[in-house]
Each structure stands twice: as structure tokens, then as C-alpha cells.
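The values are calculated or read from the model by the stated rules, or taken from the named source; none is laboratory data. Predicted model only: the values in this text are computed from it and were never measured. Quick reminder, even Gly has a Cβ in these numbers, built from the backbone with ideal geometry, and neighbours come from all protein chains shown.
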Amino acid sequence: MIEMVSESRCIGCNMCVKVCPTNVFDRTERGVPVISRQSDCQTCFMCELYCPADALYVAPHAEVNVVVEEAELAQRNLLGQYRERVGWRI
């Protein structure tokens, strides 16, 4: 399930908004999308795959909301991890 959009990494391209098949994100005036319908997330990883800034974290095994800290995710190199694992290049 999508758990985080990193405001410090996001470049405001809205690619996550465009590729999400369940319309989980909403665009904002400040450019950083927000997770508006988290429970609709199907954990398909499309948003994380297409994010050129590694600004998203999708929890691979979460059925419910998981509290995550950006600093810990960055330290553990989990932002953009799925794209790297499957060899996806943008």
C-alpha cells in the first residue's frame, strides 16, 4: 500500500497521479501530490516505478496503513527500491 510521498524529493511531475490505476493521488497547487484515497491502493507499484525522483514508498506487504519515517526509509535505501530490484530505467 502507498505509504508516503516525500515532499523533499518530489519534483512535482505528477507522474504518480497519471499512472495510478485506482486514482489514489490528488494534485495540489504546491506541486507535491497527496495520498487522498490510500485504501484504494492495490499495491501495484506503478507509482513507485514511474517516479523519477524516488519520492514514493509503497509498503509491499501492508494491508493497512503503516507509519513510516522518511529518514529511516532513506537510510535503509528503501525509496525507489522496487524500481531498482526489477531493473526499471526511466
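Picking from Gly31, Gly80, which residue would you name as being free of Cβ contacts under 8 Å to residues at least 24 places away in the same chain, closer than 13 Å to Val5 by Cα, out of contact with any His (no Cβ under 7 Å at 6 or more places or on another chain) and small (Gly, Ala, Ser)? Just one listed residue meets the conditions, Gly31. Scanning region 18-48 for residues that are in a loop (DSSP other than H, G, I, E, B) and either at positive phi or of a type in the set (Phe, Trp, Tyr) (or both) yields a count of 4. Of all the residues in region 49-61, those that are within 9 Å of Ile2 (Cα to Cα) and either surrounded by 14 or more Cβ atoms within 10 Å (Cβ to Cβ) or in contact with a Lys or Arg (Cβ under 8 Å, 6 or more places away or on another chain) (or both) number 4. When every residue of region 19-28 is checked against the conditions, at least one turns out to be of a type outside the set (D, E, K, R), under 13 Å from Met4 (Cβ atoms) and modelled with pLDDT of 95 or more.
Does Cys10 satisfy the criteria of being modelled with pLDDT of 95 or more and either surrounded by fewer than 16 Cβ atoms within 10 Å (Cβ to Cβ) or in a helix (DSSP H, G or I) (or both)? Against the criterion (modelled with pLDDT of 95 or more and either surrounded by fewer than 16 Cβ atoms within 10 Å (Cβ to Cβ) or in a helix (DSSP H, G or I) (or both)), Cys10 does not qualify. Of all residues in region 28-37, those satisfying the criterion of being under 22 Å from Arg83 (Cβ atoms) and surrounded by fewer than 16 Cβ atoms within 10 Å (Cβ to Cβ) are Gly31, Val34.
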